[in-house]
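Notes to accompany the following structure.
The values are calculated or read from the model by the stated rules, or taken from the named source; none is laboratory data. Just so it is clear, the structure is predicted and the values come from calculations on it, not from any experiment. Cβ placement follows ideal geometry from the backbone for every residue including glycine, while neighbour counts extend to all protein chains displayed. The area values use the complete protein model at the heavy-atom level, side chains included, leaving out ligands, DNA and RNA. Shrake-Rupley method; radii C 1.70, N 1.55, O 1.52, S 1.80 Å.
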Amino acid sequence: LVYGEADGLPGLIVDRYGDTLVAQLGTAGAERWRDEIADALLRATGAARIYERSDVDVRELEGLAPRVDVLRGDEPPQTIAIQEHGVRFLVDVRHGHKTGFYLDQRTNRHVVGKLARDKEMLNCFCYTGGFSLHALAEGVRHVTSIDASAEALEWARRQAALNGFDDSRATWLEADVFKALRTLRDQGKSFDLIVLDPPKF
């Protein structure tokens, strides 16, 4: 719903998952208008709840403590099911990265899915498998997905199963991406398409 400076609202990010809004306030200005922002969001959307995920490092620079809690309404469900270009995902807004899911990448995931058809694909830093699942939906020949987090990979596997994707076309590899890339190079492995979407370092 709101993408910070791009929408003229510095430090404010708001993503919507069904009737749940997840807000991230990263600046002193956004924090100053916190209650007014929350009320306006509910009026504009009719959502049932707003969950706050203001746990970003930048708040420290603004002299603000992190906040993670219900801002309006009740606690969000443990997982929220969403659909993106026909692919189903489960989102954990309380513990997932940022607001629970990288909604700002939805167009890129869709495009990559189309490009992956009949290809051998590598998805580095795959997190919960967004790019991989779109590739599987569009007919990728095989996708190898690498992430250091066993928990993220378990989410990815659950989401692949949720969509009924065949395990034979996907490999989920728990590894340090940099080491894994060197191993793949040494094995002479090559790919038609590589997604390299690292976290901040």
### Message
With an 8 Å Cα cut-off and a minimum separation of 6 or more residues, compute the relative contact order for the range 101-201 in percent.
### Response
32 percent
### Query
When we measure straight from the Cα of K119, which lysines land under 26 angstrom away, once same-chain ones fewer than 8 places off are left out?
K179, K189
### Task
Roll a 1.4 angstrom probe over the protein heavy atoms and tell me the percent of accessible area of the chain that is carbon or sulfur.
51 percent
### Task
For the range 1-156, calculate the relative contact order in percent as a whole number, restricting contacts to Cα pairs under 8 Å that are 6 or more residues apart.
14 percent
### Task
Give me the net charge of Y3's neighbourhood, meaning all other residues with Cβ under 10 Å from the Cβ of Y3; Lys, Arg count +1, Asp, Glu -1.
-4
### Summary
Dimensionless Rg/Rh of the range 92-201, both radii on Cα and Rh by Kirkwood, sits at 0.94
### Query
Normalised by the number of residues in the range 53-127, what is the relative contact order in percent for Cα pairs under 8 Å and 6+ residues apart?
19 percent
### Task
Within the set of other residues whose C-beta is less than 15 Å from the C-beta of R106, count the net charge using Lys and Arg as +1 and Asp and Glu as -1.
0
### Query
Just the accessible area for F101, please: 1.4 Å probe, Å², rounded to the nearest 10?
10 Å²
### Query
Where both residues lie in the chain, what percent of DSSP beta bridges are antiparallel, nearest 5?
50 percent
### Message
Sort Y127, Y17 by heavy-atom solvent-accessible area, probe 1.4 angstrom, most to least.
### Response
Y127, Y17
### Query
Ignoring ligands, DNA and RNA, what accessible area per residue does the chain give at 1.4 Å, in Å²?
53 Å²
### Query
So how exposed is I194, as accessible area in Å² (1.4 Å probe, rounded to 10)?
100 Å²
### Message
Which residue, V93, A47, L162, has the largest displacement toward the positive end of the dipole of the chain when charges sit on each Cβ (Lys, Arg +1; Asp, Glu -1)?
### Response
L162
### Query
Expressed as a whole percent, how much of the Cα-Cα distance distribution for the range 9-127 exceeds 25 Å?
31 percent
### Message
At 1.567 mPa s and 4 °C, plugging the Kirkwood radius over alpha-carbon pairs of the range 64-132 into Stokes-Einstein gives what diffusion coefficient in µm²/s?
### Response
92 µm²/s
### Message
Helix 106-115 against the longest principal axis of the chain: what's the angle in degrees, Cα atoms only, rounded to the nearest 10?
### Response
10 degrees
### Task
Write down the Å³ per residue value for the convex hull defined by the alpha carbon atoms of the chain.
123 Å³
### Within-9-Å neighbourhood charge of R94 [Cβ basis; K, R +1; D, E -1]
-1
